[in-house]
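The next block holds one structure in the form of structure tokens; read it before the comments.
The values are calculated or read from the model by the stated rules, or taken from the named source; none is laboratory data. Since we're looking at a predicted model, the values are computed, not measured. As a convention, Cβ positions derive from the backbone with ideal geometry for all residues, glycine included, and neighbour counts pool all protein chains shown. Accessible surface areas use protein heavy atoms only, side chains included; no ligands, DNA or RNA. Shrake-Rupley method; radii C 1.70, N 1.55, O 1.52, S 1.80 Å.
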Amino acid sequence: MAKILIVDDEKIVRDLLRTVLENDGHAVDEVNDGQEALDANAKCAYDLAIVDLIMPRKNGLDTVVELRAQRPEMRFVVMTGALPALLDRNRNMDDLLGSVVKLTKPMRPADLLRAVREALQTPVA
């Protein structure tokens, strides 16, 4: 299966995502913020990153842009509890992030797995 990096500042969310993804056969690493994601990505070739959009230090938008610059072949799922509001305020999100799958928190395990499968099948922008 896929090598996945989870980027979220909430440990409970990282733990939930890790459990669901590992039970589905994926190899999973997790980090607390965008800077840690960049450091981890420099050391390991991840197939997919699941990135929370609202985090301290480095927000998810900047994190995705910088991760994609490090590894253009990487795919992304972006998530946040505020996704509908963010989409309304930032109509240029798709232009900024490129091809990403969007997921609203909280999510059901089936929704997470659907988003991961969709992202892994999406051509890289």
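One table, with the values for the structure above:
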{"read-out": "Value at 222 nm in deg cm²/dmol, rounded to 500, when DSSP H runs of n ≥ 4 in the chain each add -39,500 (n - 2.57)", "value": "-14000 deg cm²/dmol"}
{"read-out": "Of all accessible heavy-atom area on the chain, the percent that carbon and sulfur account for (1.4 Å)", "value": "52"}
{"read-out": "Calculated SAXS-style log₁₀ I(q)/I(0) at q = 0.10, 0.19 Å⁻¹ - the chain, Debye, Cα scatterers", "value": "-0.25, -1.01"}
{"read-out": "Debye, to nearest 20: dipole size of the chain, +1 on Lys, Arg Cβ, -1 on Asp, Glu Cβ", "value": "200"}
{"read-out": "Estimated vicinal HN-Hα couplings, Hz - the range 62-77 in sequence order (Karplus 6.51, -1.76, 1.60; Gly, Pro = x)", "value": "4, 4, 4, 4, 6, 5, 5, 5, 5, 9, x, 7, 5, 10, 9, 10"}
{"read-out": "Calculated on alpha-carbon atoms, Rg and Dmax of the range 1-73 in Å", "value": "11.3, 31"}
